[in-house]
1. Could you list, ordered by first residue, the pairs with Cβ atoms under 6 Å in which the first is in region 141-156 and touching a residue at least 12 places away in the same chain (Cβ under 8 Å) and the second is assigned to a strand (DSSP E or B) and acidic (Asp, Glu), at least 6 apart or interchain?
2. Is it the case that region 45-55 has a residue that's closer than 30 Å to PRO14 by Cβ, at pLDDT below 95 and part of a helix (DSSP H, G or I)?
3. Quick check on region 161-171: of everything there that is farther than 13 Å from GLN104 by Cβ and touching a residue at least 12 places away in the same chain (Cβ under 8 Å), which residue is surrounded by the most Cβ atoms within 10 Å (Cβ to Cβ)?
4. Residues that are in a helix (DSSP H, G or I) and of a type in the set (S, T, N, Q): does region 130-143 have at least one?
5. What residue, of ASN124, ASN119, is over 27 Å from ILE38 (Cα atoms), surrounded by fewer than 15 Cβ atoms within 10 Å (Cβ to Cβ), within 19 Å of the chain's Cα centre (by Cα) and outside the structural domain of SER41 (by TED's automatic domain parsing)?
6. Within region 22-39, which residues are among the polar types (S, T, N, Q) and either within 16 Å of ILE65 (Cα to Cα) or in a loop (DSSP other than H, G, I, E, B) (or both)?
7. Could you tell me whether region 2-21 includes any residue that is surrounded by 12 or more Cβ atoms within 10 Å (Cβ to Cβ), without any contact (Cβ under 8 Å) to a residue 40 or more places away in the chain, at negative phi and outside any loop (DSSP other than H, G, I, E, B)?
8. Hey, does region 113-123 have a residue that's of a type in the set (Ser, Thr, Tyr) and either in contact (Cβ under 8 Å) with a residue 12 or more places away in the chain or under 18 Å from LEU9 (Cα atoms) (or both)?
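The values are calculated or read from the model by the stated rules, or taken from the named source; none is laboratory data. Since the model is a prediction, treat every value here as computed from it, not as a measurement. So basically every Cβ, Gly included, is an ideal-geometry build from the backbone, and we count neighbours across all protein chains shown.
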Amino acid sequence: MNKVIITVLGKDRPGIISQVSNILYELGCNLENVNQMILQSQFAGFFIVDPPPDKDLEMLSQTLIKKTTASGLSIHVDTIDGGKIGKEPLKGETFLITTIGPDQKGLVARFSSIIARHNVNIENLKAVFKGGRDPNANIMSYQVFITQDIDTAKLFEALRQTAEELDLDIRIQHKNIFNAINKI
C-alpha cells in the first residue's frame, strides 16, 4: 500500500499527539512526518505514515477511530501517492513573507491570489487575527517556494503594492537570511 495521510481534528488537550502516535506504533506503522497546530482552541494534526504490508486503509481507519472515540477526535485516513519520490526536485528558493497590520476581511484571499497568479507555491501559512487596529495582533506569515522561472521582482512589487493599499507592514526575506537573523 502507498503511504497514508491521517488527519486528526478536535478540541485541543494535552496528549493528542501521544495518543495517535502510540496507536500507530502499536499497528507497526512508520511515522514519517507530523505537522500539528492549535487554531484558537482547536487541534489539527497531519501524520504521514508508511504502514506495514498487512495493514490496509480500512483497518487503519477503523482502529484509529475506535481507539479515539472517547476523546472526541475526528479522524480521516487516505492514501497519498508518495509525492516527489523518484522525481527530480524543483530548483528554487524559499522566501518568508510577513505582513502585520489592521485586521480586514479578505487579507488571506488577496495575498494568496497574488502568490497564485505568479505561479508560486505556498508551503506554509500562519495567519493570526485578533481583530481591531492593533498591528501587533494581526499577523500573516507565508513560506513560499519560488522556482527559478518566476519573476520575483514583479511578485514582490505586487505584494508590496497590496500591502501599502491595505496599510500593512510587509517584510520579504530569503529563508537563509531569516534563519541567520533569528538564530539563537
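1. Qualifying pairs under 6 Å: GLN143/GLU123; PHE145/GLU123; ILE146/GLU93.
2. no
3. Let us first name the residues in region 161-171 that are farther than 13 Å from GLN104 by Cβ, namely 161, 164, 169-171.
Okay, now just the ones that are also touching a residue at least 12 places away in the same chain (Cβ under 8 Å), so 169-171.
On the way: ASP169: 12, ILE170: 19, ARG171: 12.
Per the stated criteria, the residue is ILE170.
4. Within region 130-143, one or more residues are in a helix (DSSP H, G or I) and of a type in the set (S, T, N, Q).
5. Values: ASN124 fails: over 27 Å from ILE38 (Cα atoms).
Result of the check over ASN124, ASN119: ASN119.
6. Of all residues in region 22-39, those among the polar types (S, T, N, Q) come to 22, 30, 33, 35-36.
Passing the criteria: only ASN22.
7. Looking for residues that are surrounded by 12 or more Cβ atoms within 10 Å (Cβ to Cβ), without any contact (Cβ under 8 Å) to a residue 40 or more places away in the chain, at negative phi and outside any loop (DSSP other than H, G, I, E, B), one finds at least one in region 2-21, hence yes.
8. Quick first cut of region 113-123, residues of a type in the set (Ser, Thr, Tyr) only: 113.
Next, only the ones that are either in contact (Cβ under 8 Å) with a residue 12 or more places away in the chain or under 18 Å from LEU9 (Cα atoms) (or both) stay: none.
No, because not a single residue in region 113-123 is of a type in the set (Ser, Thr, Tyr) and either in contact (Cβ under 8 Å) with a residue 12 or more places away in the chain or under 18 Å from LEU9 (Cα atoms) (or both).
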